[in-house]
1. Using the structure shown, decide if A:GLU730 is within 60 Å of the chain's Cα centre (by Cα), in a helix (DSSP H, G or I) and at pLDDT 90 or above.
2. Go through region A:566-587 and count every residue that is under 18 Å from A:ILE503 (Cα atoms) and either among the β-branched types (Val, Ile, Thr) or more than 9 Å from chain B (Cβ to nearest Cβ) (or both).
3. Taking only region B:214-227 into account, find how many residues are touching a residue at least 40 places away in the same chain (Cβ under 8 Å) and either surrounded by fewer than 22 Cβ atoms within 10 Å (Cβ to Cβ) or closer than 25 Å to A:PHE30 by Cβ (or both).
4. Any idea which of A:LYS9, A:LYS55 is modelled with pLDDT under 90 and more than 29 Å from the chain's Cα centre (by Cα)?
5. Just to confirm my filter: which helices (runs of 4 or more DSSP H) fall fully inside region A:415-509 and include at least 1 residues that are under 30 Å from B:GLY188 (Cβ atoms)?
6. All but one of (1) away from the ligand (no atom under 16 Å from the Cβ); (2) outside any strand (DSSP E or B); (3) of a type in the set (Lys, Arg); (4) under 26 Å from A:CYS169 (Cβ atoms) hold for B:ARG242, so report the exception by its number.
7. B:VAL211 - would you say it is crowded, with 23+ Cβ neighbours inside 10 Å, β-branched (Val, Ile, Thr) and within 11 Å of chain A (Cβ to nearest Cβ)?
8. Got a number for residues in region B:228-239 being touching a Lys or Arg at 6+ places or on another chain (Cβ under 9 Å) and either free of Cβ contacts under 8 Å to residues at least 40 places away in the same chain or within 16 Å of the ligand (Cβ to nearest atom) (or both)?
Amino acid sequence: MKFSYKWLKEYVDLELTPYELADKLTHAGFEVEEVIQKIPFFKDVVIGFVKELYKHPDADKLSVCTVDDGKAQYQVICGAANIRAGQKVPFAKIGAELPGDFKIRKAKIRGTESLGMICSQAELGLEEHSDGIWILPDDTTMGLDFYDYLGSEQDYILDIFITPNRGDCMSMIGMAREIAAILDKQIRYPEFVLTETGGCTTAELISVEVQDVIGCPRYSARIVRNVQIGESPEWLQKKLRAVGFRPINNIVDITNYVLFEYGQPLHGFDLSKIKSKKITVRRSLNGEKFITLDGKERDLPAETLLICDTNEPVAVAGIMGGQNSEVHPETTDILIESAVFSQESIAVAGKKLGLSTEASRRFERSVDTGNTIKAMNRAAYLMQEIAQGKICQGYVDLYPQPIPQHKIDFNINELSRLLGASYENELVQKLFARLGIKVDDQSDSYIIPSFRNDLKLPADLVEEFARLIGYSALPARNQSTVPYSRSDQETGNYYSKITSELIMFGLTEFANTSMYGKSELQAFSETSLVTILNPISDDMACLRPSILPGLLKSAAYNINRGQKNIRAFETGRVFFPDTEGGLPIQPYHLGVLLSGKRFEESWNQPDDSIDFFDMKGIIEQLFAAFKYTDYSIKIQTPSLIFAQGEAVDIFCGHGKAGSFGKVRKEILKIFAVRQDVYAAELNIEMLYPLLTPVKTIFISIPKYPFIEKDLAFVIEKSVPSLELINYIREIGGAVLTGAWVFDLYEGTDLPENKHSLNIRLHFQATDRTLTDNEIDDIFQNIIRLCEVKFNATLRN
Amino acid sequence: MLEQIAEIKNLFNKSLQEIKTLPDLETEKIRFLGRKGLIATLFETLGDVPQDSRPVIGQQINALKKEIEIHFSELKNKLNLLTAGLQSVDITLPGRALPVGKRHPLHQVADQIKAIFSSMGFEIADGPEVETDYYNFEALNMPRTHPARDMQDTLYISDNLVLRTHTSPVQIRVMESRKPPIRIIAPGRVFRRDTPDASHSPFFHQSEGLVVGEDVTFADLKGVIESFAAQMLGREIKVRFRPSFFPFTEPSVEYDFNCVFCKGKGCRVCKNTGWLEISGAGMVHPNVLKNVGYDPGKISGYAFGMGIDRLAMLKFNINDIRILFENDLRFINQF
Ligand SMILES: [Zn+2]
């Protein structure tokens, strides 16, 4: 919210500069986001007198002027249409410096010399845009320095962030009151005297009925007759403009002015439009419609608080007035409404209507119920002074259940308990007194002023105290009394181990959004997607059920920029809807993506493309890192993601923990990826109990050497090699410590449906050196049994 | 004569130092041992030496000659070894590259945060990213019509489910599930209804911190934040605490670090204030303690937040948050 430094000074004496004040406020919980100097600095601009002028001989729109600054006369070219001889004007001399780093130099314009510039308000930084030069009053003194001349006009706008709990500071008086408390000064409230010359009482002209006392705890109203609608005086317009408000007419300006001054939203009705002479405050019924001040017809949400002319709505309470009762140029009698509406009713209605106004923003943060009469009278007084209004006697004030004085039981030990330092009672009371918080002599409590309805608990008073002595004055402690936490949850370590293993395998970690368009995700979800009710855009409307869409997007991004070799992974939560409508299921998944060449192009590396076995190797290595072997990899039933033939599922424990394989062309197309991609996805949350590292126990290294034997079986391609190896292991028994395929040969010398699997065997005993004889039996047995079982033949 | 012998010996020692290649060696060999070499010249002048000292001097010349021969032959072996095979590899060709993986810079910073707090005895906690309205707002003292809800533009899944707008719901989940003392941080992803631009992303990352127990004070909060700042960004970093407002803390604080770009002198990044806003913190609000069944009269605690993306941007001088999530390899490989 914007505050005028000059305006604030009317209520509190300020010796501090606006910048020093801003710093104080920031340290007291009112963050000053910006201090704007109203008149930016300029120099060597004086008040000049346009002595005479004639048209430029070579340019219709330019005038050649003689400007007198009291000491000398200068020939100046001016392009403004509103320049006339005899005017007093701001005149920038040669060498003048104007805002925006603009220096005035001697110039020749269309062959005629110009020694300076006659300035507009915009050129002096006072307006965004000006039509023509700034014409000064005739009685200004020629030759005066113009920056000094404007000195009394100088102001600073403090843009202050008011936290939602401090609605009481959304006004000049509220902020001045706070500043007085912070700086230990006295506040000056405005003083004025009403003269009730309206000829009758307010109560004779209007009656008020409040049907919902919770929604409208207080309704005060007063009538001012015979006002003359017109423009507001200069001082009022200036003040409103300073805080960012556009003047409209004197009556509207006055209600806005009082809103800014007191923080009490007011509404001025044209009394003649309240035909029944009765104001009713009620909740809206289903299906009611209403045209607000801005000319829009609105469907009123049920239960919206309305101000009615008996039954006909004339305003949406606390939010916006209606077109039907608006003050217009012919209005003579004004009904000033000064009411308080509940924080809740305005917040709900404002949200439903999509309306946020100066009034509603204040009611949402709650308004002081003790302030309606003062603010109303202030407005009536100003209508009397400015709009020649005649104030009716007395007012209407419905306040059936006055809000009781609020007290907080407060033990001074709360300060040491929460702040870690103790303070003298005397100091505490002194600081509280500055905030208007007084000791209750009868009890151990403090009386809270009505405008501070944010203060409810002892902790709130602790903050008030801390705020006033300053957070920097509070102690810091480095030895906590809370013991170091037990770390029985190892999931964090588990996830970081997965990550660090993958990085060791040469994979780079990606971080992608969780939100995608429906079309990007559909294929990845077997069930429905978790969708956002109010998405930022359609392409951020659904939550990912898989890590792969993000990886594919990032792959496309890199490939399009010439980075075609990608080894990437990402971990994060994915989302599946809960069938009962509860929290979605949101496990951590790991996604891996490989694409391009296995190695960066180099003279000494093979030029191979990544294939299925690169991905399989990563998955196997990952499990190996956790010493986990109890998993199986099986051919996948056809899926939308992976290409048939190069797609597998990973089964662990009781179920499927993930899949990997070659990504289908149709999927690549969605993400505009134009090269082969292998991907894997694992539910790492499900794997957690299985992969939890078991305690490592040292196993002694075999003392006796192993014997190595090689075998080459010509075997049908359809026989899975793992079956053969497992069978060999079975036959080999305890002394066969290793068996693996070390080469695979396909060639024209072999039948088309067969290949040669070359298998290496290691035999080793823990208690002796094995002899060739011992092994030979086993070895021959292996050959014989495999030949039978797999229809394999030994290759020479 | 003896001086001459000594001089040649010196010359030879110097020569030994300077020989670097086989051709050098050959030249020097001729200079010393050649038919008209220095040793030969010495032998020639032997005739000028008095008869009786001739055998002794002759012996000395012979000894020198022998020594030179031995040294040259050793040197020749050495040079032969050194030069052997030199021509067989072009050592200027690049080496065989290993695939190198990188931790995403954001997670590097998260790791650092976790390490720092772990060293201060904090445990890592976690919570769901889609939360109930209760955990994200209500339990944190933000009923439906609370104006503070406007400070956080929320993405809704249903009337009752939201994408969590902060990591604070983890506070509630942890406190509900156990008794004090508690000492946790909870890093994770959060969401806001912000259109992406250089300083906004609809999802970003925070870490919550929470310490609850008896005799936990604002002084502890200050101590922990100051200690974290020093470990994260260096001892010279100053921390500033300002009063603020959050519905779930009282007293509430906003904490700033002094600008890492201008060292607090004032620059464009810190809008000439010399300070950079980091995040909010405060003493856990009594209503929050009550909501989880603690006695606010006995138990107290502090909570704090921090923006992980923001710290990463500060640390690495990144000026556009969006680049963090583009996953351009040229970006990630820088860290
Ligand atoms: Zn700076």
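1. Here the answer is no, as A:GLU730 does not meet what is asked.
2. Of the residues in region A:566-587, 2 are under 18 Å from A:ILE503 (Cα atoms) and either among the β-branched types (Val, Ile, Thr) or more than 9 Å from chain B (Cβ to nearest Cβ) (or both).
3. Taking region B:214-227 as the starting set, the residues that turn out to be touching a residue at least 40 places away in the same chain (Cβ under 8 Å) are B:214-218, B:220-221, B:224-225, B:227.
Now narrow it down to the ones that are either surrounded by fewer than 22 Cβ atoms within 10 Å (Cβ to Cβ) or closer than 25 Å to A:PHE30 by Cβ (or both): B:214-215, B:217-218, B:221, B:225, B:227.
Here the count works out to 7.
4. On the way: A:LYS9 fails: modelled with pLDDT under 90.
Being modelled with pLDDT under 90 and more than 29 Å from the chain's Cα centre (by Cα) holds for just one of A:LYS9, A:LYS55, which is A:LYS55.
5. A:458-469, A:491-504
6. (2)
7. Numbers: crowded, with 23+ Cβ neighbours inside 10 Å: yes; β-branched (Val, Ile, Thr): yes; within 11 Å of chain A (Cβ to nearest Cβ): yes.
Taking the combined requirement at face value, the residue satisfies it.
8. 4
The values are calculated or read from the model by the stated rules, or taken from the named source; none is laboratory data. Because the structure is predicted, anything quoted here is derived from the model rather than measured. Here the Cβ is made from the backbone with ideal geometry for all residues, glycine too, and neighbour counts use every protein chain on show.
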